[in-house]
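The values are calculated or read from the model by the stated rules, or taken from the named source; none is laboratory data. Computed from a predicted structure; not experimentally measured. Backbone-built Cβ (ideal geometry, glycine too); neighbour counts: all protein chains shown.
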Amino acid sequence: MKINLDHKITRLDGTDFIDLESDGIDEKGKPKFKESKLLTLRKAIVDSLTSSYKDESNLDPKIKAQRGWLAMKIWNHPEPFIDLSVDDAKLCKDLIGKRYSPLIVTEAWEILDPDWNK
């Protein structure tokens, strides 16, 4: 399945989602963020593949390594389009569903699995 990794994720009004990047901790001990760059499907997938999830605290290291390998493959892919297996697309879809808010999930799922809502 061909996926456009450079697809920009947008809000309902068509404006781009700006990804936030950690900028340390403020004087009150709260996390600070700075605007980074546009949120693309590539970044959403890689961030989802490389995140830790509470319900996966005992995840097999082999699965972690497989996710890391897929994240590196996607991040370093030189072209905007990549062929993903159905299983890899499903994994990306599932992990984006865990990590992101509803609008980002919906847009990403429309690309990763156009028939998901049929």
Any residue that is touching a Gly at 6+ places or on another chain (Cβ under 8 Å), under 25 Å from THR10 (Cβ atoms) and buried (at least 18 other Cβ atoms within 10 Å of the Cβ) - is there at least one of those in region 49-65? yes
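Among the listed residues ILE111, ILE104, ILE82, ILE96, which satisfies the condition of being among the hydrophobic types (A, V, I, L, M, F, W, C), closer than 16 Å to LEU5 by Cα, assigned to a helix (DSSP H, G or I) and in contact with a strand residue (DSSP E or B) (Cβ under 7 Å, 6 or more places away or on another chain)? Step through it out loud before you land on a result.
Values: ILE104 fails: in contact with a strand residue (DSSP E or B) (Cβ under 7 Å, 6 or more places away or on another chain); ILE82 fails: assigned to a helix (DSSP H, G or I); ILE96 fails: in contact with a strand residue (DSSP E or B) (Cβ under 7 Å, 6 or more places away or on another chain).
Checking each option against the conditions leaves just ILE111.
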Strands (runs of 3 or more DSSP E) fully within region 1-52 counting 1 or more residues that are modelled with pLDDT of 85 or more: 2-4
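Could we say that SER85 is surrounded by fewer than 18 Cβ atoms within 10 Å (Cβ to Cβ), within 24 Å of LEU59 (Cα to Cα) and modelled with pLDDT under 95 here? Reasoning before the result, please.
Values: surrounded by fewer than 18 Cβ atoms within 10 Å (Cβ to Cβ): yes; within 24 Å of LEU59 (Cα to Cα): yes; modelled with pLDDT under 95: no.
So SER85 fails the test.
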Is region 94-107 home to any residue that is modelled with pLDDT of 95 or more and more than 23 Å from ILE18 (Cβ to Cβ)? yes
